[in-house]
Each structure stands twice: as C-alpha cells, then as structure tokens.
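Structure first, commentary second.
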Amino acid sequence: MGLIPGLSGRGTPFPYKLEPSRAPPRRTAMRTPPPLASGPQGPDHLRPLLATVLAALREGGQARGGPLPAGGPDAVTATVRDAVGEVLPEKGDPGALHTLVRVLAEGAADPAHPWCAAHLHCPPLAVAAAADLAASVLNPSLDSWDQAPAASALESLLTRALARETGHTDGLVTTGGTEANQLALLLAREARGAAVRLVHAAGAHHSLPRAAWLLGLPDPVEIPAPAGTLDPAALDDALTHLPGPHLVAATAGTTDAGLIDPLPEIAARCAAHGARLHIDAAYGGCLLFSDLHRHRLAGLEAAHTVTLDLHKLGWQPVPAGLLTVRDAGDLTALHHPTDYLNADDDTAAGLPDLLGRSLRTTRRPDVLKAAVTLKTLGRSGLGALVDRVCALAGDFAHLVDDDPRFDLHDQPAISTVLFRPAHADDSGVADVRRHLLVTGRAVLGRARADGRLWLKATLLNPTTSTDDLADLLTLVHRAHAEGSR
Ligand SMILES: *Cc1c(COP(=O)(O)O)cnc(C)c1O
C-alpha cells in the first residue's frame, strides 16, 4: 500500500511504530506532532494548508495593489515586523502560515505585474510552481541514489537533453548562473592548471571575476568593450600577448543590455590560440527554444562549458541553473568519494554515484519543475514565450524612439531596452528609478552604457501588452516631471 511498504497508512499513529517502545515514559507527554507533507496522509494534510496559502497570496497581492509595496524599505520593514511579532514565540501560532504568506505577498516585488521589469527576474509559470510543490513534499536529495531514486534518473535525462540543445554531452544542475560560472572556472582550472587566466569583456557578469578570486586563479584580464560586446580582434591581441593558459569567457545575453558576443569569431580565436572557452548564456541560452532566434547562438557548441539559467527566459521559480559540458570527461574532476554516500562497492554494485554532480551535498530536485515545464509546453510553447518577450521589447523600443520625451539607447538584442528621459542628467535618471520604487508604482533597473546612466526595462513577462508599456512610459514621464519640479 503506497509509499511505506509494510505499513497500512490508515490510522497509523505518528511516529510509525513497529513494536511498542520500551523507553521509559517521558515526564511531559509529547503533543500530537504537526502533520507531515509526505507519507500516505500527506496530500490530505496539505489540502487545507494549500487553501490557506492561496487565500493569503490573493489577499496580500490585493493589499499591495501594484508591482511593489509603497513606502520604501522602512515602511515594508515595519509592516513585516508588526505582522510577524515574535519570530520564535514560546507557544506556537497556528495562524502563522496565513500571516506570513500574506505579509510576504503584500510586500513582494511581483514579476507578473507588467510594470515590474527591472531584472532578469521572471514571473514563474503556474505549472512549474505546482511541480515545485511536489519537489518540496517528496523532498528527494540528490547527493545519493537512496535519497532520490526517480529524481536522480529524471535529472540525468533532463541534463543530457538540455546539454544536447547546446551541442554538448552532459550537464550539471546549479542554483543559477553564478554557481554555473564558478563550476566552469573550476573545471577549467582542473583541465588547464591553477595558472589558467580568465579573459573576459568589460560587460561580462561579475560572478566570473569573483569565481577567479574564489578559486585562487591569477587576476583576470578585462578587455574593454566600448560597443558592449567582446571584440574578437582585441581578444586575439590579448591571447597573443598574455601568458597562458587562458580561459575566455564570452557572453550570450549581457546582464545590462542583453547583447550577444560574436560567438563563432570568438570560438575561432580561442581555437587558434588553444584557449579554453566558456560561454555565459544565463540570459540568452533559452533563445535555443525559438526557431526565430536560435541561429543567434551559433558557436555555442564550440565552447567547453555553457551556463544556462531557466529562472530567466525559462520562467522557472528560483533556482534553476545549469552548466553544460562539451566533454563529459571534464566532470571526473568533481568525483569525490565519501563512504556513506558513494562507497566504491555500492557504485560497483550499480548504485549511481551522484556526489560528483555538484559541489553541494544535500540538493533539491530542481529538475522536476523544469522537466514538467519542458514537457507541458514543448519546444514550440517555450519558443513562443521567448518570441513574445523579444517582440514586446521591440515594441517598447519603438514606443520610446517615437516619443520626444525619451531617448532610446539602442534596439534590443533580446528583451532588454535601455532608455532615459530626454534632457535628464544621470542623477535625474537615478532619482526617477528610486521615486518609482518607493512609491511602489514601477520597478525598473539601471545600467551604464556609453558613459551614461540609463533606465533598464528587462521584459520577461509574456502577458504584458504594448498598452501596458505605453502606460509605463507615461508613468516614468510623470515621475521625472514630479522629480524635476
Ligand atoms: C543572471 C546572470 C548570471 C547570474 O545568474 P544567477 O542565476 O543570478 O546566479 C550570470 N551571468 C549572466 C549573463 C546573467 O545574466
């Protein structure tokens, strides 16, 4: 019967007891323990709690009424403090689930709101969030097969399928682009030695030089990128004059502007110089799902490692990162024997050795939500979402370009648009952004380009309309007018 062989489940008292305990009676009798999420009764325990969660989410969202809570950090902190009261009260509070979920929803930045467009912070798909609930309930841990039999099999299917998309052979699940970039540098160090030097463009993600620092690698070399992308001639020059070995990090979708480096040219220069190549495609990698945009990632397959992030253009709840590797043999560097998790005799007897698939030990099955999403939407469904947000960014850029109240930085490469009120100076641009944040009216990002500060709209919400974006412009204009009065 079900999940726990040998136990009927029906009416089985907690804890599941096979024989009467001989322990002496405790002085204070144990109260009935709180219900568990898994086990035969788990779904029944969860149902009323889910109803509470859903009601609290709705109430909190309605109380907020916009993309962000109004009032800035002090007001939000006070609301949270008042609602929470004592974090660890002496006596428990059965209303805590409702109270805390409601206050978190009320004080959330809601990426599903059309005017919440600052970061690569996506509104998660409902089906992915629902799948993630099952991951929490089953609670597999991917550090050993005996904690995650089916989850580890699913992870292996998913990582290999996504690796094939990048033209690679295998992949590791990570908590995001940062961990994937760290692993890429670690694999480069193990393949090329501790003197391997990171070479990257000025627009590369900050986690790359940080990983070099973390891993004790030589100081990275940053190549100026006045046009925002890695210039192959400048790269060639650096690879010619700097002592190697080199690890070149290119970017497919820069965080600030969504620009894609010229990947085939970069790959050719790396091959000519014997440099190892990592491509950080945390933002742009999901263009692979789109028939319209996939060609722009040509050259990805030439990299030794590629970073992907499904919690950006993949609409997953955080975390959902991936590192794919061209040569699966590179991963043997992560092999790490520990008797209680992957004893040699267990491995020889056929139990999969999972510990070398991450630097973490206990690890959530983040593959479940991703696998459910890929299968539910299919390539065409995901591709349509990608196409939709790219088209929205094009529409928004046109609106900005046609509007004398604003300057447009450039046509979007993926789904990021940089713009600023015409005639504003940098501090005026920064003020507009903060004014919108603290009034809770809109969430826009900021980025430097061409020596100036710009407002950044990162469009990741496929349900946003062009009218929403026209209204956003009006809102920004008003905030600027209010600020400059
Ligand atoms: C977002 C991003 C990262 C970092 O990813 P996290 O998931 O936030 O750790 C790395 N590189 C690029 C290009 C990114 O856009």
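For the stretch 42-108, averaging the sequence separation of C-alpha pairs within contact (under 8 Å, six or more residues apart) and dividing by the residue count gives a relative contact order of 55 percent.
If one computes the Cα centroid of the stretch 208-232 and of the stretch 55-110, what distance in Å separates the two points? Centre-to-centre distance over Cα atoms comes out at 41 Å. Computed from the Cα positions only, the extents of the stretch 144-259 along the three principal axes stand at 50, 31, 22 Å, in decreasing order.
How much length, in nm to one decimal, is gained on full extension between A328 and A233, taken as 0.36 nm per residue of separation minus their Cα-Cα distance?
Working: separation 95, 0.36 × 95 = 34.20 nm, distance 3.07 nm.
Result: 31.1 nm gained on full extension.
P(r) for the stretch 17-175, from all Cα pairs and a bin width of 10 Å, is 8, 23, 27, 25, 13, 4, 0 %, short bins first.
Here the calculated FRET efficiency for H335 and L292, from their Cβ-Cβ distance with R0 = 25 Å, stands at 0.05, rounded to the nearest 0.05. Taking every alpha-carbon pair under 8 Å whose residues sit at least 6 apart, the chain reaches a relative contact order of 19 percent.
In units of 2.2 N^0.38 Å, what is the alpha-carbon radius of gyration of the stretch 199-241?
Details: Rg = 10.8 Å, N = 43, 2.2 N^0.38 = 9.2 Å.
Ratio of Cα Rg to 2.2 N^0.38 Å: 1.18.
Take the chain with all the other protein chains still there, run a 1.4 Å probe, and you get 49 Å² of accessible area per residue.
Treating the beta-carbon of each Lys and Arg as +1 and of each Asp and Glu as -1, no other charges, what is the dipole magnitude of the stretch 378-484 about its Cα centre, to the nearest 20 debye? Walk me through the numbers before you get to the answer.
Working: 12 positive and 15 negative charges, 92 e Å.
Using only the charged Cβ atoms, the result is roughly 440 debye.
The length gained by stretching the chain between E86 and W213 to full extension, at 0.36 nm per residue less their Cα-Cα distance, is 41.7 nm.
Each peptide in 35-41, 309-315, 256-262 receives the mean, over its residues, of other Cβ atoms within 10 Å, and ordering these scores from highest gives 309-315, 256-262, 35-41.
Determine the relative contact order of the stretch 378-484: mean sequence separation of Cα pairs under 8 Å and six or more apart, normalised by residue count, in whole percent.
Values: 142 pairs, mean separation 29.8, N = 107.
Relative contact order for the stretch 378-484 comes out at 28 percent.
Dipole of the stretch 126-376 computed with +1 at Lys/Arg Cβ and -1 at Asp/Glu Cβ about the Cα centre; of T255, V199, T332, farthest Cα towards the positive end is T255.
Counting pairwise Cα distances across the stretch 173-234, what percent come out greater than 12 angstrom? Don't skip to the end; give the middle numbers.
Values: 1255 of 1891 pairs.
Of all Cα-Cα pairs in the stretch 173-234, 66 percent lie more than 12 Å apart.
Carbon-plus-sulfur fraction of the accessible area of the stretch 126-376, 1.4 Å probe, in percent? On the stretch 126-376, the fraction of accessible area on carbon and sulfur atoms equals 58 percent. What residue among S141, L322, G381 has its Cα farthest toward the positive end of the dipole of the chain, where the charges are +1 on Lys, Arg and -1 on Asp, Glu, each on the Cβ? Farthest towards the positive pole: S141. Taken over the chain, the convex hull of the Cα atoms encloses 183 Å³ per residue. Hydrophobic long helices, here whole DSSP H runs in the chain with Kyte-Doolittle means of at least 0.5 and Cα atoms spread over 24 Å or more along the helix axis, are found at 367-401.
Mind ranking Y283, Y340 by accessible surface for me, highest first, 1.4 Å probe?
Values: Y283 5, Y340 165 Å².
So, going from the largest accessible area down, we get Y340, Y283.
For trypsin sites (Lys or Arg not before Pro), the sites in the stretch 41-127 that DSSP calls loop and that have at most 11 other Cβ atoms within 10 Å are K91.
Using every pair of distinct Cα positions in the stretch 81-215, the Kirkwood expression returns a hydrodynamic radius of 19.4 angstrom.
Rounded to a whole number, what % of the accessible area of the stretch 42-108 do carbon and sulfur atoms account for, probe 1.4 Å? It would help to have the intermediate numbers written out before the result.
On the way: 2780 of 4480 Å².
Its accessible area is 62 percent carbon and sulfur atoms.
Rounded to the nearest 20, the size of the Cβ-charge dipole of the chain about its Cα centre is 1340 debye, with Lys and Arg at +1 and Asp and Glu at -1.
Looking at the chain, the DSSP beta bridges with both ends there are about 60 percent antiparallel. Binning the C-alpha pair distances of the stretch 375-474 at 10 Å intervals from 0 yields a P(r) profile of 15, 46, 28, 9, 2 %, listed from the shortest bin outward. Take every DSSP beta bridge whose two residues both sit in the stretch 126-376, then give the antiparallel share in percent to the nearest 5. The antiparallel fraction comes to roughly 40 percent. Computed from point charges on the beta carbon alone (+1 for Lys and Arg, -1 for Asp and Glu), the dipole magnitude for the stretch 42-108 about its Cα centre is near 220 Debye. Rounded to the nearest 500, the helix-only mean residue ellipticity at 222 nm of the chain stands at -13000 deg cm²/dmol, with each DSSP H run of n ≥ 4 adding -39,500 (n - 2.57).
Would you work out the Kirkwood radius for the stretch 91-146? I mean one over the mean of 1/r across all pairs of different Cα atoms, in Å. Don't skip to the end; give the middle numbers.
Working: mean 1/r = 0.0691 Å⁻¹.
Computed over the stretch 91-146, the radius equals 14.5 Å.
3J(HN,Hα) couplings calculated from phi for the stretch 297-311 with the Karplus curve 6.51 cos²θ - 1.76 cosθ + 1.60 (θ = phi - 60°) are, in sequence order, 9, 3, x, 4, 5, 7, 6, 6, 9, 9, 8, 10, 9, 7, 8 Hz; Gly and Pro show x. For the stretch 227-309, the Kirkwood hydrodynamic radius comes to 12.8 Å, computed from all pairs of different C-alpha atoms. Pairs of C-alpha atoms in the stretch 42-108 farther apart than 15 Å represent 56 percent of all such pairs. Accessible surface for R446 stands near 100 Å², nearest 10, in the context of the full protein assembly shown (1.4 Å probe). Put simply, the C-alpha atoms of the stretch 310-425 give a gyration tensor, and the ellipsoid matching it has half-axes of 46, 17, 12 Å, longest first. Straight-line reach from K91: which aspartates and glutamates fall under 19 Å, measuring Cα to Cα and dropping same-chain residues less than 8 apart? Cα-Cα hits under 19 Å: D82. In order along the stretch 349-357, phi translates into HN-Hα couplings of 7, x, 7, x, 8, 9, 5, x, 9 Hz, rounded to whole numbers, per the Karplus curve 6.51 cos²θ - 1.76 cosθ + 1.60 with θ = phi - 60° and x for Gly and Pro.
Loop by DSSP (not H, G, I, E, B), at most 16 other beta-carbon atoms within 10 Å: where is the longest site-free stretch of the chain for GluC sites (Glu not before Pro)? It runs 91-485. Projecting each Cα onto the charge dipole of the stretch 42-108 (Lys/Arg +1, Asp/Glu -1 at the beta carbon, about the Cα centre), which of V84, G71, L49 comes out farthest on the positive side? Value computed over the given set: L49. Here the stretch 378-484 has 48 percent of its accessible surface on carbon and sulfur atoms, given a 1.4 Å probe and all protein chains in place.
The values are calculated or read from the model by the stated rules, or taken from the named source; none is laboratory data. In this text the structure is predicted, and so the values were computed from the model without any measurement. In this analysis, Cβ positions are derived from the backbone assuming ideal geometry, glycine residues included, and neighbour counts consider all displayed protein chains. Only protein heavy atoms, including side chains, enter the accessible area calculation; ligands, DNA and RNA are left aside. Shrake-Rupley method; radii C 1.70, N 1.55, O 1.52, S 1.80 Å.
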